[in-house]
1. Among all residue pairs at least 6 apart or on different chains, which show Cβ distances below 7 Å where the first residue, located in the range 100-118, is acidic (Asp, Glu) and the second is not in a helix (DSSP H, G or I)?
2. Considering only helices (runs of 4 or more DSSP H) fully contained in the range 47-158, which possess at least 2 residues that are at pLDDT below 95, farther than 24 Å from Val13 by Cα and among the hydroxyl-bearing types (Ser, Thr, Tyr)?
3. Might you check whether a residue that is surrounded by fewer than 20 Cβ atoms within 10 Å (Cβ to Cβ), under 11 Å from Val52 (Cα atoms) and out of contact with any helix residue (DSSP H, G or I) (no Cβ under 7 Å at 6 or more places or on another chain) occurs anywhere in the range 101-108?
4. Can you tell me which residue is surrounded by the fewest Cβ atoms within 10 Å (Cβ to Cβ) among those in the range 78-90 that are in contact with a helix residue (DSSP H, G or I) (Cβ under 9 Å, 6 or more places away or on another chain) and without any contact (Cβ under 8 Å) to a residue 40 or more places away in the chain?
Amino acid sequence: MGRLPGLKRYVTVALQILGVAVAYYLSARLGLLVGLVRGQVSPWWPATGIGVVALLVVGVRVWPGILVAQFVVELMTVPAIHALPSAVGTTLSCLVAYVLLRRVGFRVELDRLKDAFALVFLAAFAAMLISATAGAGERVLSGLVPASYFWAMWSTWWTGDAMGVLLFAPLLLVLRRLRWPLDVDKYRLLEFALLLVGSFVVVLAGTQIIGAVLFLAFPFLGWAALRFQLAGAAPVALLTSLAAVYAAVQGYGPFAGRDLLTIMITLQLFNGAVALSALLLAATITERDRGRVEIEQTAIRLGEVVNHLDRSKTTPRVEPRQFGEDSPKDDGP
C-alpha cells in the first residue's frame, strides 16, 4: 500500500509529459505549414511558446516532452542524426528561458511591466538564440544547407522561436486563468468579437487590396489593451500576426515581389512590433489600474481612520470620580 502514492505520482508526471509532447507536436506541425526556408524553418513557431509555458505552469519535470516532440518533428525533414542536435537546442532554449524568468521573479499573471520585459528580452530574444544557433549551425555543418544560406536560416529560426514565445505564451497564460463570467455584458462581448474580427480582416484585406497597410493593426491593439488588458491584446496580436504571415506566404501587399530575406525581415519586424506593443501596453494599463485601486483602498482606510478620530473627539468624556466625592454622608445612628 505504501507504494501507491509514489506510483500515482509517477503516472501523473508521465501523463503530463505526454500531454506536453502532444501539444508541442501539434503546434509544431501548424508552424511547418508556413515554412519559408525550404519547408524546414518557420517564421512563426508556436511550439516554443507552449514549451516555455509548460515549464512555468506544470514544472521543469516535463522537459522530456519538449525534447521528444521536437525530435519527432525534425525527423519529418532531416535524418535522425541531424534531428537530435536541433531537438536538444530547442529544449535547452525553453529550459534557459524558464531559468531566466524564475531568476527575475517572473509572475505568470503577466500583470507587471517587469514581467512583460522579462518575457520579451529574456525568454524570447535571449534564450531562443540557442535553438537558432544549434539548428541552423547543424544544418550548415552537415551540408544540408549551403553555408551562404546560414544567416537567412538562422535569423528566420531565431525570430520564429521568439515569435512563438511572444505571441503564444501570453495567450496561453491568459487562457489558463480565464473564467467565464456569470453576468456577461452582451455589448462588451460584441466589442471583443469586433476587435478580433476587425484586426484580422483589416490586415488581411488591406494587404491584398491596398498594399502596405500593416500599420492599421496598431489601433486595434491599443483598443484591445485599453479595454481588456492582456486578455484582449494577446488574441488580437495573434490574429494580426496570422494575417500578416498568410500575406507573406501568398506574396500579398508589402511582400509582393520581394526576395526571401526581405520578406522575412519585414514580417518579423511587424510581428515583433505587434507582440511588443500588445505586451507592454497591456502590462502598463494593468499596473495603472492596480495602482488606482490601491490608492482608492488606501483613501477609504484613511477616511475610516479620520472618521474614527472625529467620533472620539465629539464623544463627551466621563471623568472618573475621586474617592469620597459626592458620596452619601453617613449620619450615624
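1. Asp115/Phe106; Asp115/Arg107
2. 128-141
3. no
4. By that ranking, first place goes to Ala80.
Condition check ((1) within 21 Å of Ala237 (Cβ to Cβ); (2) outside the structural domain of Arg288 (by TED's automatic domain parsing); (3) buried (at least 22 other Cβ atoms within 10 Å of the Cβ)) across all residues:
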site: Val60; (1), (2), (3): no, yes, no
site: Gly65; (1), (2), (3): no, yes, yes
site: Ala69; (1), (2), (3): no, yes, yes
site: Ala134; (1), (2), (3): no, yes, no
site: Pro146; (1), (2), (3): no, yes, no
site: Gly164; (1), (2), (3): yes, yes, yes
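The values are calculated or read from the model by the stated rules, or taken from the named source; none is laboratory data. Computed from a predicted structure; not experimentally measured. Methodologically, a virtual Cβ is constructed for each residue, glycine included, from the backbone with ideal geometry; neighbour enumeration extends over all protein chains shown.
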